[in-house]
Amino acid sequence: MSLVKVHPLAIYAFDIKRPTRSSSSLPLRATRMTLSTGEDALIPDMPFLLTRPRSKPYRIYIALLVCLAMFFCNFLAAGPTMAIVDITVDFFGTPPTNPAFVTSISKIAYFFTSTALLQGVGNLFWMPLILKYGRRPIYIVSFAAYTACAIWSGVSTSFASELASRVLMGFFSGSGECMAPLTISDIFFLHERGFYMAWVASSSVHPSLLLT
């Protein structure tokens, strides 16, 4: 029985039986699946792992870094909503007892809604660049700019400056939403991805839930 390699997206074109763990002859314990043709399929065929194998602890380390990046992308975007009243007082000087407080807090909400909006819209910009130039350059450029915007946001004293910094911060952090799943699929085989994608998903939990 011959061993063939199948692209992950191609498995839906075959009648695949129950997967079994591979023998020691297969690289990095790849999943072996039997096709309806009687051939064994190595799922998936990933050049990165097959040509440049890494140890399992190293790949877990990369997964933890991805989770940390996703956590901070969401934490800086939505985490400050816990202090929205204090932020309103700092920027507009209107306490909750002031009739103008409702208008002021509505403006402060733009800090967080605009960041979340640009995180989603930014995916449309970053994804083609990721496919064209690869993960590493986009990681470096987007997260360097994201860090600079986070510092800018932290030192801003005017409403306009803070809003501009958070809009750009949301745009640059949007790349993490694209690259986290891609990175997991790059460094883990099919039978491992669900477990480590759960890590990424849990790191994206709304920060306010962690602070309550």
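The values are calculated or read from the model by the stated rules, or taken from the named source; none is laboratory data. A quick note: this is a predicted structure, and the numbers were derived from the prediction, not measured. Cβ placement follows ideal geometry from the backbone for every residue including glycine, while neighbour counts extend to all protein chains displayed.
Things worth noting here:
- Enumeration of residues in the stretch 104-113 that are assigned to a helix (DSSP H, G or I) and farther than 13 Å from Leu76 by Cβ: Ser104, Ile105, Ser106, Lys107, Ile108, Tyr110, Thr113
- Residue check for Ile130: in contact (Cβ under 8 Å) with a residue 40 or more places away in the chain and surrounded by 14 or more Cβ atoms within 10 Å (Cβ to Cβ): yes
- Residue ID - nearest to Ile184 (Cα to Cα), chosen from residues in the stretch 56-110 that are within 29 Å of the chain's Cα centre (by Cα) and of a type in the set (D, E, K, R): Arg59
- Thr94 being part of a helix (DSSP H, G or I), of a type in the set (S, T, N, Q) and farther than 17 Å from Ala69 by Cα: no
- Single match in Phe189, Phe195 (criterion: assigned by TED's automatic domain parsing to the domain that holds Tyr58 and crowded, with 18+ Cβ neighbours inside 10 Å): Phe189
- Against the numbered list (1) surrounded by 14 or more Cβ atoms within 10 Å (Cβ to Cβ); (2) out of contact with any helix residue (DSSP H, G or I) (no Cβ under 6 Å at 6 or more places or on another chain); (3) at pLDDT below 90, Val141 comes up short only at (3).
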